[in-house]
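J.: This is the structure I have questions about; it appears just below.
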Amino acid sequence: MPRYLALRVLYTLPVIWLVVSLVFLLIHLVPGDPILQMLGEGAPVTDVQAARHAYGLDLPLNRQYLNYWKGLLHGDLGPSVRFNQSVTRLIAQRYPYTLQLTLAALLVAILLSVPAGVRSAQRRNRWDDRLLSVVSLFGLSFPNFALGPILILLFAIKAGWLPVSGSGSFAHLVMPAITMGGALAAILTRMVRTSMLEELGQDYVRTARAQPRLLSGARLHPGNWIDLCGGEFSDRSALLRGEPADKTMS
């Protein structure tokens, strides 16, 4: 096991180097000057040159690349041109809200998907199964960036029950968690339903049905929890990066 983990870490290092290098190069290929955007088009030349020197943008590209990696290895992501603060400090200040929203969205998704998926499998091809399938399809088709403003319009502006934005209380977390967890719940509902149908088709279930006394007090759960957990956490990187609905928390 330790050898396997060490190999996985070694395989990850070239990927990290490639991603960081590509992002660094692409930023320099984007049209526009961040210093002019920060100071304005009419800024004096001396101020522009001083800002370039302060941010290290007057150095050759290879020196900037080496300095960036040197700072990255020491945990220094450099200063933010927009906020004029350390990027590391900005991430440390804001990332706890992303983690909080991620956990809340996971909780919403689990509370919605597991009962719905089990019910849909138990009532296969009946009206409630079809209704849950339509609802899950709607959840998959409706994007988060459209659902978030609709919830804000209905529950914050019209009804006045929840705050439009901000953080620090449970009320601020409700709408973002529902927005992010709803789409994930739609995916997990289908996965739970599929896993539950496979479990209902197992030999021991058919044997138990043939002998009803064996079903007294029995409980049946989705069999392949590993696949369900893998599917649940496969999209967590999107939440941890911060989806559009996450902006209401910051």
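The values are calculated or read from the model by the stated rules, or taken from the named source; none is laboratory data. From a predicted model like this one, the values you see are computed outputs, not experimental measurements. Positions of Cβ are generated from backbone atoms using ideal geometry, with glycine treated the same way; all protein chains shown enter the neighbour counts.
J.: Within the set of pairs 6+ apart or on separate chains, which have a first residue in the range 68-82 that is touching a residue at least 40 places away in the same chain (Cβ under 8 Å), a second that is loosely packed, with under 14 Cβ neighbours inside 10 Å and not polar (S, T, N, Q), and C-beta atoms under 9 Å apart?
T.: Sorted first by the residue in the range 68-82, then by its partner, the pairs are Trp69/Trp17.
J.: Take the range 54-70 and flag every residue that is surrounded by 12 or more Cβ atoms within 10 Å (Cβ to Cβ), of a type outside the set (A, V, I, L, M) and at pLDDT 85 or above.
T.: Matches in the range 54-70: Gln64, Tyr65, Asn67, Tyr68, Trp69.
J.: A further question on this structure: If we scan the range 90-97, do we find a residue that is among the charged types (D, E, K, R) and under 30 Å from Gly168 (Cα atoms)?
T.: yes
J.: Which condition number in (1) farther than 21 Å from Leu173 by Cα; (2) among the basic types (Lys, Arg); (3) surrounded by fewer than 15 Cβ atoms within 10 Å (Cβ to Cβ) is the one that Arg119 fails?
T.: Failing condition for Arg119: (3).
J.: What is the residue count in the range 162-198 for residues that are touching a residue at least 40 places away in the same chain (Cβ under 8 Å) and charged (D, E, K, R)?
T.: Within the range 162-198, residues that are touching a residue at least 40 places away in the same chain (Cβ under 8 Å) and charged (D, E, K, R) number 2.
J.: Also, I was wondering about something else. Could you grab me the full set of residues in the range 71-83 that are part of a helix (DSSP H, G or I) and over 20 Å from Leu26 (Cβ atoms)?
T.: Within the range 71-83, Leu73 is the sole residue that qualifies.
J.: Do we find that Thr207 is in the same structural domain as Asp129 (by TED's automatic domain parsing), modelled with pLDDT of 80 or more and in contact with a helix residue (DSSP H, G or I) (Cβ under 8 Å, 6 or more places away or on another chain) in this structure?
T.: No: the conditions fail for Thr207.
J.: Would you pick out the residues in the range 28-56 that are closer than 15 Å to Ser80 by Cα and assigned to a helix (DSSP H, G or I)?
T.: Narrowing the range 28-56 to residues closer than 15 Å to Ser80 by Cα: 33-39, 51-56.
Pro34, Ile35, Leu36, Gln37, Met38, Leu39, Ala51, Arg52, His53, Ala54, Tyr55 - these are the residues of the range 28-56 that are closer than 15 Å to Ser80 by Cα and assigned to a helix (DSSP H, G or I).
J.: Also: Suppose we filter Ala177, Ala183 for residues that are touching a helix residue (DSSP H, G or I) at 6+ places or on another chain (Cβ under 7 Å), among the aliphatic types (A, V, I, L, M), modelled with pLDDT under 85 and under 22 Å from Ser113 (Cβ atoms); which single one remains?
T.: Going through Ala177, Ala183 in turn, the sole match is Ala183.
J.: Scan the range 105-124 and report the pairs whose first residue is over 24 Å from Gly201 (Cβ atoms) and assigned by TED's automatic domain parsing to the domain that holds Pro176 and whose second residue is surrounded by fewer than 20 Cβ atoms within 10 Å (Cβ to Cβ) and among the aromatic types (Phe, Trp, Tyr), with Cβ atoms within less than 9 Å and a gap of 6+ or a chain change.
T.: Cβ pairs passing all conditions: Leu106/Phe233.
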